[in-house]
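The values are calculated or read from the model by the stated rules, or taken from the named source; none is laboratory data. Given the structure is predicted, the values throughout are model-derived calculations rather than measurements. Reconstructed Cβ throughout: ideal geometry from the backbone, glycine too, with neighbour counts over all protein chains shown.
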């Protein structure tokens, strides 16, 4: 369980969903609530060195951290996005325009990504892309798989 949480948090960190300090704070909380003999070396390293330095080495020296699936990242980003903040909407447009490419077009969130990318890149119409995100994302966010509460908790403190 702990190693799964660690992998999840580090994958989210790699995708810039949580900050360095949030990851270290999580590691520190886990360390404080654990018995010394139960503490894995990777968790102590994460607390002392931070995620950037730990992830810079090979997975054989730290943890093998898989990438989060598109739908999970989508769900988390959708939950965190302030639709009134133009800068956040623009960052979401950029992210989904890249991330939806090559995913399954039968998935509504992927179709949405292609639509946003078309408006932004092909039509050079950032205003319509923003409008589409602001109008369509709330509906899609309800359909999205529930984001993991641990990540949402950490991301909201970022």
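Quick one: which of 150, 140, 154 is under 15 Å from the mean Cα position of the chain (by Cα), farther than 15 Å from residue 16 by Cβ, assigned to a helix (DSSP H, G or I) and at pLDDT below 95?
On the way: 140 fails: under 15 Å from the mean Cα position of the chain (by Cα); 154 fails: farther than 15 Å from residue 16 by Cβ.
Result: 150 is the single residue among 150, 140, 154 that is under 15 Å from the mean Cα position of the chain (by Cα), farther than 15 Å from residue 16 by Cβ, assigned to a helix (DSSP H, G or I) and at pLDDT below 95.
Could we say that residue 28 is farther than 29 Å from residue 110 by Cα, loosely packed, with under 15 Cβ neighbours inside 10 Å, touching a residue at least 12 places away in the same chain (Cβ under 8 Å) and touching a helix residue (DSSP H, G or I) at 6+ places or on another chain (Cβ under 7 Å) here? In short, yes. Does residue 10 qualify as being more than 20 Å from the chain's Cα centre (by Cα), surrounded by 20 or more Cβ atoms within 10 Å (Cβ to Cβ) and assigned to a helix (DSSP H, G or I)? Judged against the criteria, residue 10 is not a match.
Report yes if residue 77 is on the phi > 0 side of the Ramachandran plot and under 13 Å from the mean Cα position of the chain (by Cα), otherwise no. Break it down into steps so the answer makes sense when it comes.
Values: on the phi > 0 side of the Ramachandran plot: no; under 13 Å from the mean Cα position of the chain (by Cα): yes.
No: the conditions fail for residue 77.
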